[in-house]
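A.B. asks: Pasting in a structure now, in structure tokens, and then I'll have a few things to ask.
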Amino acid sequence: MGLITPDYGLVVWMLISFGLVLFVLKKFAWIPIMQGLKSREETISKSLRQAEEARNEIKRLQTYNEELADKARAERELALKEAKTLRDKIVEEAKVNAQAEAQKIIDKSRIMILQEKENAQKELATIASKLALEITEKVLRKQFADKEKQIEYFKELLAEISTKN
Amino acid sequence: MGSTEEKRDSLSTSEEGKKEKFNTVEFIFEHIGDSYEWHIVTIGHNHIAIPLPIILYSEQKGLNIFLSSKFHHGKEPYRGFKWEHEGKYKGKIVELGSNGEVLEENPLPYNFSITKLVLSIFIASILICWIFISIGRKYKKGFDKAPTGMQNLFEPIILFIKDDIAIPSIGEKHYARFMPFLLTVFFFIWINNMMGLIPIFPGGANVTGNIAVTMVLALFTFVITTINGNKHYWKEIINAPGVPWFLKFPIPIMPVVELTGVFTKPIVLMIRLFANILAGHMVAIVFFSLIFIFGALNMWAGYGISIISVSFAFFMTLLELLVALIQAYVFTLLSAIYFGMATAEHH
């Protein structure tokens with residue numbers, strides 16, 4: 001039964017061959033391969049991690065940018081609002097000022113008119129009185145051409161004054 | 001494995017008119033056994049075979065190295081040695097006495113010849129070394145580009161052995177030191193199995209179906225397991241926990257059983273691989289020999305059965321392709337499990 005009795009010559013050659021193959025492959029194949037695989041695995045996981053980090057960074061930057069944009073927008077709106085209120089205020093102020101000024105001018109004008117009116121009245125009064133005096137003088141001159149009548153009238157007037165007092 | 005050459009071989013001899021009865025057993029054993037020459041084809045009476053180196057050492061004649069062609073296929077003795085084809089020492093090389101008789105005492109010289117199987121092992125070894133050293137060189141260079149060619153073919157297998165055999169069986173901590181052996185044994189078995197399926201030279205030798213070969217492989221597993229066995233491993237053998245004391249003392253039943261297990265595990269590895277591959281080769285050869293059995297009865301019956309035989313052998317070969325891989329996987333997996341047992345931490 002040659003089948004189940006191992007041949008020692010074959011055993012020896014097999015030992016040598018397999019041992020040699022094991023040794024050679026361990027040194028020149030398996031160790032470099034295992035190291036290569038390991039370092040590749042590490043590189044891949046590192047790259048993945050880096051990609052993840054980069055993605056996160058981009059996300060962060062995006063949110064930051066968005067925030068920034070939002071902030072800028074809000075600021076712009078605020079500025080616009082402020083400008084608007086300022087404008088309104090200025091307009092309002094201007095309006096008020098203008099009104100006040102106008103009022104002042106009106107007031108001044110009114111005073112002036114009144115003064116002018118007074119002056120005019122005064123002047124008119126003066127003129128009128130002057131005229132009246134003149135007329136009166138003329139009338140009186142004519143009336144009192146006669147000396148007796150003068151004295152008589154004086155007497156009358158004096159009497160009038162004295163009764164009044 | 002059967003091949004067209006083999007068919008022609010036996011058909012031609014039967015057509016020679018010798019009317020020699022077809023010897024099925026011899027036919028089968030010739031194809032699954034070892035030989036001192038690598039038979040390729042026989043045309044008529046001319047055997048075409050690759051002569052192989054014979055290396056003999058005997059106390060009387062010393063070291064003798066010559067090619068097996070000197071025996072003329074075993075028909076003639078050379079330098080007082082004869083390649084026996086019959087009798088008690090069939091298939092072996094015997095030392096002859098001065099008058100041409102087989103020696104009474106120690107007729108078998110120390111025989112370290114490069115037989116068909118040894119040559120096949122050499123070829124497979126060189127092939128494996130060439131494949132994996134060239135792949136290894138690619139890894140040494142770094143990996144600025146994606147794997148290509150053979151690297152691409154073998155990398156998933158290497159990763160499979162690492163991630164699905166070694167790490168689950170041995171564990172992250174210890175697996176790395178067993179990887180070289182596991183990878184070597186896997187590819188050695190697989191490539192030798194595959195070469196055994198190729199019908200002509202340099203394939204066709206029944207390497208992994210030879211018990212000497214599987215014995216050496218199992219011996220490696222046994223030695224590595226034993227060397228790496230930690231305190232916990234030996235404690236489990238000598239004083240298995242969880243076993244009632246009366247099974248250990250005064251008659252150490254459990255230790256004996258456990259200790260037997262240490263040896264039966266590699267023996268099972270040896271027999272499983274050997275038997276599977278041998279059976280595969282045998283079945284294929286039997287299908288082919290059917291052709292000649294029927295052919296000896298009637299030529300037309302032989303031709304008729306050849307269709308069935310060839311198709312059966314074809315499917316057997318497909319099956320063997322699968323078996324080649326499965327057996328390599330099983331051997332590697334079981335070795336890994338044994339290493340895992342040897343290095344397991346107490347938990």
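The values are calculated or read from the model by the stated rules, or taken from the named source; none is laboratory data. These numbers come from a predicted model, not from an experiment. Virtual Cβ from ideal backbone geometry, glycine too; neighbours counted across all protein chains shown.
A.B. asks: Among the residues of the stretch B:125-132, are any more than 10 Å from chain A (Cβ to nearest Cβ), over 23 Å from B:Phe66 (Cα atoms) and of a type in the set (Gly, Ala, Ser)?
C.D. replies: no
A.B. asks: With the requirement that a residue be assigned to a loop (DSSP other than H, G, I, E, B) and crowded, with 17+ Cβ neighbours inside 10 Å, what does the stretch B:103-157 give you? Break it down stepwise before answering.
C.D. replies: First, pick out the residues of the stretch B:103-157 that are assigned to a loop (DSSP other than H, G, I, E, B): B:103-109, B:112-115, B:141-148.
Answer for the stretch B:103-157, where residues must be assigned to a loop (DSSP other than H, G, I, E, B) and crowded, with 17+ Cβ neighbours inside 10 Å: B:Pro107, B:Pro109, B:Phe112, B:Ser113, B:Ile114, B:Thr115, B:Pro147.
A.B. asks: Next question, about the same structure. Please identify the pairs in which a residue from the stretch B:119-131 that is assigned by TED's automatic domain parsing to the domain that holds B:Asn192 has its Cβ atom under 6 Å from the Cβ atom of a residue that is hydroxyl-bearing (Ser, Thr, Tyr) and assigned to a helix (DSSP H, G or I), counting only partners at least 6 apart or on another chain.
C.D. replies: Pairs found: B:Ile121/A:Ser17; B:Ser125/A:Ser17.
A.B. asks: Looking at the stretch B:67-85 only, could you name the residues that are more than 14 Å from chain A (Cβ to nearest Cβ) and surrounded by fewer than 20 Cβ atoms within 10 Å (Cβ to Cβ)?
C.D. replies: Of everything in the stretch B:67-85, those that are more than 14 Å from chain A (Cβ to nearest Cβ) and surrounded by fewer than 20 Cβ atoms within 10 Å (Cβ to Cβ) turn out to be B:Leu67, B:Ser69, B:Lys70, B:His72, B:His73, B:Gly74, B:Lys75, B:Glu76, B:Pro77, B:Tyr78, B:Arg79, B:Gly80.
A.B. asks: Taking into account only those residues within the stretch B:207-242 that are more than 10 Å from chain A (Cβ to nearest Cβ) and touching a Pro at 6+ places or on another chain (Cβ under 6 Å), which is surrounded by the fewest Cβ atoms within 10 Å (Cβ to Cβ)?
C.D. replies: Here the residue is B:Ile238.
Matching residues to (1) of a type in the set (Gly, Ala, Ser); (2) under 29 Å from A:Leu15 (Cα atoms); (3) touching a Lys or Arg at 6+ places or on another chain (Cβ under 7 Å):
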site: B:Lys90; (1), (2), (3): no, yes, no
site: B:Ser98; (1), (2), (3): yes, no, no
site: B:Val102; (1), (2), (3): no, no, no
site: B:Phe112; (1), (2), (3): no, yes, no
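Quick grid of which residues meet (1) farther than 28 Å from B:Ile189 by Cβ; (2) surrounded by 14 or more Cβ atoms within 10 Å (Cβ to Cβ); (3) in contact (Cβ under 8 Å) with a residue 40 or more places away in the chain; (4) polar (S, T, N, Q):
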| position | (1), (2), (3), (4) |
| --- | --- |
| B:Asn298 | yes, no, no, yes |
| B:Ala301 | yes, yes, no, no |
| B:Leu318 | no, no, no, no |
| B:Leu325 | no, yes, yes, no |
| B:Tyr329 | no, yes, yes, no |
| B:Phe339 | no, yes, yes, no |
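A.B. asks: Okay, moving on. Can you pull out every residue in the stretch B:31-44 that is within 11 Å of another protein chain (Cβ to nearest Cβ) and part of a helix (DSSP H, G or I)?
C.D. replies: Scanning the stretch B:31-44 gives a single hit, B:Ile32.
A.B. asks: Here is a further query. Working only within the stretch B:170-206, note down all residues that are within 10 Å of chain A (Cβ to nearest Cβ) and surrounded by fewer than 18 Cβ atoms within 10 Å (Cβ to Cβ).
C.D. replies: Answer for the stretch B:170-206, where residues must be within 10 Å of chain A (Cβ to nearest Cβ) and surrounded by fewer than 18 Cβ atoms within 10 Å (Cβ to Cβ): just B:Ala176.
A.B. asks: I'm told B:Leu247 meets every condition in (1) within 21 Å of B:Val330 (Cα to Cα); (2) of a type outside the set (S, T, N, Q); (3) away from chain A (no Cβ under 11 Å) except one. Can you identify the failing condition by its number?
C.D. replies: Result: B:Leu247 passes all but (1).
A.B. asks: Can you name every residue in the stretch B:40-64 that is without any contact (Cβ under 8 Å) to a residue 60 or more places away in the chain and either over 20 Å from B:Pro107 (Cβ atoms) or of a type in the set (Phe, Trp, Tyr) (or both)?
C.D. replies: B:Val41, B:Thr42, B:Ile43, B:Gly44, B:His45, B:Asn46, B:His47, B:Ile48, B:Ala49, B:Pro51, B:Tyr57
A.B. asks: May I ask you to list the residues in the stretch B:208-249 that are charged (D, E, K, R) and modelled with pLDDT of 80 or more? Full working, then the answer.
C.D. replies: Taking the stretch B:208-249 first, the residues charged (D, E, K, R) are B:231, B:235-236, B:248.
Across the stretch B:208-249, the qualifying residues are B:Lys231, B:Lys235, B:Glu236.
A.B. asks: Right, something else. Among the numbered criteria (1) at pLDDT below 80; (2) within 8 Å of chain A (Cβ to nearest Cβ); (3) farther than 23 Å from B:Ile200 by Cβ, which one does B:Asn106 miss?
C.D. replies: (2)
A.B. asks: What pairs can you find where one residue is in the stretch B:280-295 and buried (at least 20 other Cβ atoms within 10 Å of the Cβ), the other is outside any helix (DSSP H, G or I) and of a type outside the set (A, V, I, L, M, F, W, C), and their Cβ atoms are less than 6 Å apart, with a gap of 6+ or different chains?
C.D. replies: B:His281/B:Asn206; B:His281/B:Gly209; B:Ala284/B:Gly2; B:Ile285/B:Gly2; B:Phe288/B:Gly2
A.B. asks: Shifting gears a bit: Is it the case that the stretch A:7-26 has a residue that's under 25 Å from B:Phe220 (Cβ atoms), surrounded by 15 or more Cβ atoms within 10 Å (Cβ to Cβ) and in contact with a strand residue (DSSP E or B) (Cβ under 6 Å, 6 or more places away or on another chain)?
C.D. replies: Yes.
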